[in-house]
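The values are calculated or read from the model by the stated rules, or taken from the named source; none is laboratory data. Quick caveat, the model's predicted, so the values are computed rather than measured. Please note: Cβ atoms are built from the backbone with ideal geometry, for glycine as well, and neighbour counts cover all protein chains shown. Quick note on the areas: whole protein, heavy atoms, side chains included, nothing else; ligands and nucleic acids left out. Shrake-Rupley method; radii C 1.70, N 1.55, O 1.52, S 1.80 Å.
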Amino acid sequence: MSTVLKTENIDKFFYSPVEFQVLKKIQLEAKKGEFLTMVGKSGCGKSTLLYILSTMDTDYKGNLYLDNQLVTGLSTDELAKLRNEKIGFVFQFHYLLPEFTCLQNVMIPALKLGKYSEKEIEEKAYQKLEILGVKDQALKLSSKLSGGQQQRVAIARALINDPLIIMGDEPTGNLDSKNTNMVFDIFQNLTQNFGQTIIAVTHDEEFSRKSDRIIEMIDGQIH
Amino acid sequence: MNINTKIAQTYVVSNKKLTAVAVLGVLLGMSVYIFMNCMLVGFDKSSNSSIFKSTAHIRIYKDDEICEVIPKETDETFLIVNPKTVPNKNTILNPKMICELIQKEKGVKIVTPQVSSSVFYNNGKSQIAGLAVGIKPDEANNMFDIKSFIVEGNFNNLKLTQNGIIIGSGIASKMNLSINDNINLTSTKSTNKTFKVIGIFKTNNNAIDKSKAYINIRSAQELLQENDNFISDINVSVLKPDDAEKISKKLTIITGYKAESWSKANESLMAAFKMRKIVITFVSFTILLVAGFGIYNILNMTISQKINDIAILKAIGFKGKDVVQIFVTQAITIGCIGVVGGIIAAIILITILKNVYIGGDLGYFPIDYEFLEFLQGIAIGFVITFLAGYIPAKKAANIDPVSIFRK
Ligand SMILES: Nc1ncnc2c1ncn2[C@@H]1O[C@H](COP(=O)(O)OP(=O)(O)O)[C@@H](O)[C@H]1O
Ligand SMILES: [Mg+2]
């Protein structure tokens with residue numbers, strides 16, 4: 001199995017209000033098709049690490065490799081392109097564009113990528129929404145949906161470009177157990193049948209127990 | 001359609017109120033700017049046309065000369081120490097040749113000689129001081145469009161009637177004269193000559209109407225007891241009045257006589273025009289600038305409302321320049337609607353004002369649809385909306401998405 005994500009000694013400091021090291025010598029490797037969950041107490045640095053892994057945060061020490069390419073030091077434009085193609089991200093809180101319909105929200109990353117025609121993208125977006133059980137909400141404004149529905153639309157959006165890695169910061173935080181199980185099954189299907197890699201922060205013990213590997217984080221270190 | 005454009009469009013449409021307010025700002029700024037500048041052009045045109053009814057673009061004449069002081073080099077006592085004007089005749093020598101010389105100059109349209117003479121108009125016991133201008137009727141008409149302000153009689157008769165005279169309406173009413181009446185003129189040389197009124201003119205300048213008369217050039221020479229080589233002025237009209245000053249300088253050198261441009265001859269009036277121009281330009285530009293600040297504010301507001309959206313877009317792979325494009329597109333869209341609206345509003349304003357009768361010297365309000373002013377307004381409008389969008393958009397492009405997600 002090839003490696004799709006690797007970190008070398010990642011350190012991260014915050015300087016205000018006081019200098020303090022959030023992440024200490026993070027060594028992490030994720031294989032293609034692996035389903036990883038990350039657990040740890042609130043405030044131990046999970047979100048911070050995920051922002052670095054997703055290339056949005058570039059202010060760290062150490063090296064980050066994505067798809068065997070060193071991405072540390074790339075320009076923000078290059079990183080943006082890379083995120084668009086290779087990374088799907090589900091945020092801790094449901095982050096959709098409120099003035100767009102659910103369908104449009106899901107389509108936007110694919111339209112940006114510009115690999116398929118609008119027609120194909122729309123079809124694909126409907127598929128993803130259907131998998132997540134929110135197809136009937138497709139044409140509603142995203143701000144009109146409940147929190148759980150919004151989170152599922154956000155997951156659909158993360159999947160639209162068939163990314164190499166899907167990262168989620170408590171992607172099931174707003175879902176009931178039925179929908180949590182559904183999302184787990186979707187993720188498992190993606191890893192097992194499509195070779196995509198999942199890294200998800202979760203507080204749901206059952207969710208993490210069923211995943212391929214658990215990374216436990218304590219005070220900015222991986223154990 | 002490009003995804004950035006699509007997002008921009010959604011923002012324009014989904015925030016109808018903000019869009020409307022911003023559009024209204026551009027619309028008002030644009031229309032007032034265009035309107036005021038058209039008005040300025042109208043004012044200038046109307047003032048110039050009233051000047052050009054009696055002033056040539058360039059007037060060439062023999063200036064008074066002051067004799068030189070003879071320097072005291074010897075011990076002789078009879079030196080001139082108190083210089084005075086030399087009692088020269090104010091005539092242009094060899095006028096035909098000089099006229100031809102001027103005509104060859106680039107930018108010169110019409111050249112016509114003129115003899116003016118201070119006179120007294122006598123009719124019975126009443127007497128008015130004034131100025132009789134001897135002209136070559138056709139050439140002078142081409143230059144000053146005299147026919148356009150003839151109110152009675154026929155200008156063409158001046159050619160046929162050697163002792164014909166066209167008098168100002170003020171003289172006519174004061175002396176109770178009408179067409180075919182006789183009037184007696186006395187010149188400074190005490191020559192008396194009787195003329196027959198063949199026309200009455202009325203300019204928009206009372207002082208001129210009360211004192212001026214047109215006669216044939218030969219009659220004017222006779223009044224002054226001069227031969228037909230005597231010419232007091234040569235009037236020159238040029239293709240572009242604004243070039244008059246430049247050309248006049250050249251003519252001074254070429255002819256050796258004083259060539260005075262209309263703007264020099266009306267210097268104090270020109271100063272007033274200039275002031276008017278500065279005030280209107282300044283005010284209209286300020287209004288446009290205020291409109292620009294309006295859009296700038298509104299876009300700034302939109303961007304701070306959309307800070308979450310921007311963070312998401314950047315997270316899913318939009319670059320800084322995409323973000324700039326989105327918000328600049330929004331600004332330009334607002335600008336386009338505002339500019340079109342502004343043009344329509346300006347046209348309506350001008351149309352209304354054009355038909356307002358002011359009376360007096362002006363007649364209808366002097367304003368017209370000035371293409372260049374419209375073009376200038378549109379260009380400045382777009383530049384301002386672009387900047388008003390670009391500056392906040394640039395700031396938005398530098399937003400760090402992580403700092404937004406952490407909140
Ligand atoms: N911008 C910041 N400046 C300073 N400290 C921060 C900032 N963001 C987060 N932290 C701190 O870093 C630690 C890790 O935060 P986070 O990664 O969000 O934890 P988790 O996601 O594991 O709950 C926390 O102690 C938090 O207070
Ligand atoms: Mg967190």
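Considering only residues in the stretch A:193-207 that are open to solvent by less than 10 Å² (accessible area, probe 1.4 Å) and either more than 12 Å from residue A:30 (Cβ to Cβ) or not in a strand (DSSP E or B) (or both), the one that is nearest to ligand 2 (Cβ to nearest atom) turns out to be A:201.
For the stretch B:172-181, does any single residue satisfy the condition of being crowded, with 18+ Cβ neighbours inside 10 Å and among the charged types (D, E, K, R)? No, the stretch B:172-181 contains no residue that is crowded, with 18+ Cβ neighbours inside 10 Å and among the charged types (D, E, K, R).
Whether any residue in the stretch B:123-136 is in a loop (DSSP other than H, G, I, E, B), crowded, with 16+ Cβ neighbours inside 10 Å and touching a Gly at 6+ places or on another chain (Cβ under 6 Å) is what I want to check. Before you say what the answer is, go through the steps one by one.
We begin by selecting, within the stretch B:123-136, every residue in a loop (DSSP other than H, G, I, E, B); these are B:124-125, B:136.
Okay, now just the ones that are also crowded, with 16+ Cβ neighbours inside 10 Å, so B:136.
Then drop every residue that is not touching a Gly at 6+ places or on another chain (Cβ under 6 Å), which leaves none.
Checked against the condition, which is being in a loop (DSSP other than H, G, I, E, B), crowded, with 16+ Cβ neighbours inside 10 Å and touching a Gly at 6+ places or on another chain (Cβ under 6 Å), the stretch B:123-136 yields no hits at all.
Give me a count of the residues in the stretch A:1-53 that are touching a helix residue (DSSP H, G or I) at 6+ places or on another chain (Cβ under 6 Å) and over 24 Å from residue B:400 (Cα atoms). Qualifying residue count for the region: 6. On the given criteria, is residue A:4 assigned to a strand (DSSP E or B), near ligand 1 (Cβ under 9 Å from one of its atoms) and either in contact with a Ser or Thr (Cβ under 9 Å, 6 or more places away or on another chain) or open to solvent by 10 Å² or more (accessible area, probe 1.4 Å) (or both)? Spelling it out, it is not the case that residue A:4 is assigned to a strand (DSSP E or B), near ligand 1 (Cβ under 9 Å from one of its atoms) and either in contact with a Ser or Thr (Cβ under 9 Å, 6 or more places away or on another chain) or open to solvent by 10 Å² or more (accessible area, probe 1.4 Å) (or both). Being under 12 Å from the mean Cα position of the chain (by Cα) and of a type in the set (D, E, K, R) is the requirement here; does residue A:205 meet it? It is false that residue A:205 is under 12 Å from the mean Cα position of the chain (by Cα) and of a type in the set (D, E, K, R).
Inside the stretch B:230-316, counting only helices (runs of 4 or more DSSP H) that do not spill past its ends, which hold 3 or more residues that are under 30 Å from residue A:143 (Cβ atoms) and more than 14 Å from every other protein chain (Cβ to nearest Cβ)? It would help to see each step written out before you state the result.
Numbers: elements: B:244-255, B:262-265, B:267-305, B:307-315.
Ranges flagged: B:267-305.
Considering only the stretch B:289-330, state which residues are over 26 Å from residue A:166 (Cβ atoms) and small (Gly, Ala, Ser). Listed by number, the residues that qualify are B:291, B:292, B:294, B:304.
Where in the stretch B:156-221 are the strands (runs of 3 or more DSSP E), entirely inside, with at least 3 residues that are at positive phi? First the steps, then the outcome.
Details: elements: B:164-168, B:182-187, B:192-201, B:212-216.
Because the criterion is at least 3 residues that are at positive phi, no strands (runs of 3 or more DSSP E) in the stretch B:156-221 meet it.
With respect to residue A:190, determine if the residue is under 16 Å from the mean Cα position of the chain (by Cα) and either surrounded by 15 or more Cβ atoms within 10 Å (Cβ to Cβ) or of a type in the set (Val, Ile, Thr) (or both). Give the derivation first.
Details: under 16 Å from the mean Cα position of the chain (by Cα): yes; either surrounded by 15 or more Cβ atoms within 10 Å (Cβ to Cβ) or of a type in the set (Val, Ile, Thr) (or both): yes.
So residue A:190 passes the test.
Look at (1) within 16 Å of ligand 2 (Cβ to nearest atom); (2) open to solvent by 60 Å² or more (accessible area, probe 1.4 Å) and you find that residue A:178 fails only one, number (1).
Residue under question is residue A:65, and the condition is that it be within 16 Å of ligand 2 (Cβ to nearest atom) and of a type outside the set (Asp, Glu); does it hold? I'd like the intermediate steps shown before the answer.
Numbers: within 16 Å of ligand 2 (Cβ to nearest atom): no; of a type outside the set (Asp, Glu): yes.
In short, no.
Here residue A:167 fulfils each of the conditions (1) part of a helix (DSSP H, G or I); (2) within 14 Å of another protein chain (Cβ to nearest Cβ) apart from (1).
Considering (1) part of a loop (DSSP other than H, G, I, E, B); (2) within 14 Å of chain A (Cβ to nearest Cβ), the lone condition that residue B:404 does not fulfil carries the number (1). Regarding residue B:251, is this residue touching a helix residue (DSSP H, G or I) at 6+ places or on another chain (Cβ under 8 Å) and among the aliphatic types (A, V, I, L, M)? Answer is yes for this residue. Residues of the stretch B:323-363 that are at pLDDT 95 or above and either assigned to a loop (DSSP other than H, G, I, E, B) or among the acidic types (Asp, Glu) (or both): none at all.
Taking first residues from the stretch B:137-151 that are of a type in the set (Phe, Trp, Tyr) and modelled with pLDDT under 90 and partners that are open to solvent by 20 Å² or more (accessible area, probe 1.4 Å) and not in a helix (DSSP H, G or I), the Cβ contacts under 9 Å between residues at least 6 apart in sequence or on separate chains come to B:144/B:53; B:144/B:54; B:144/B:55; B:149/B:53; B:149/B:202; B:149/B:204.
Where in the stretch A:33-142 are there strands (runs of 3 or more DSSP E), lying wholly inside it, with at least 2 residues that are touching a residue at least 24 places away in the same chain (Cβ under 8 Å), buried (at least 22 other Cβ atoms within 10 Å of the Cβ) and within 13 Å of another protein chain (Cβ to nearest Cβ)?
On the way: elements: A:35-40, A:61-66, A:87-90.
Strands (runs of 3 or more DSSP E) meeting the threshold: A:87-90.
Matching residues to (1) buried (at least 20 other Cβ atoms within 10 Å of the Cβ); (2) closer than 30 Å to residue A:85 by Cβ:
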{"residue": "B:306", "(1), (2)": "yes, yes"}
{"residue": "B:326", "(1), (2)": "yes, yes"}
{"residue": "B:345", "(1), (2)": "no, no"}
{"residue": "B:351", "(1), (2)": "no, no"}
{"residue": "B:362", "(1), (2)": "no, no"}
{"residue": "B:367", "(1), (2)": "yes, no"}
{"residue": "B:372", "(1), (2)": "no, no"}
{"residue": "B:376", "(1), (2)": "no, no"}
{"residue": "B:390", "(1), (2)": "no, yes"}
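Just one of the listed residues (A:190, A:175) is assigned to a loop (DSSP other than H, G, I, E, B) and more than 16 Å from ligand 1 (Cβ to nearest atom), and it is A:175.
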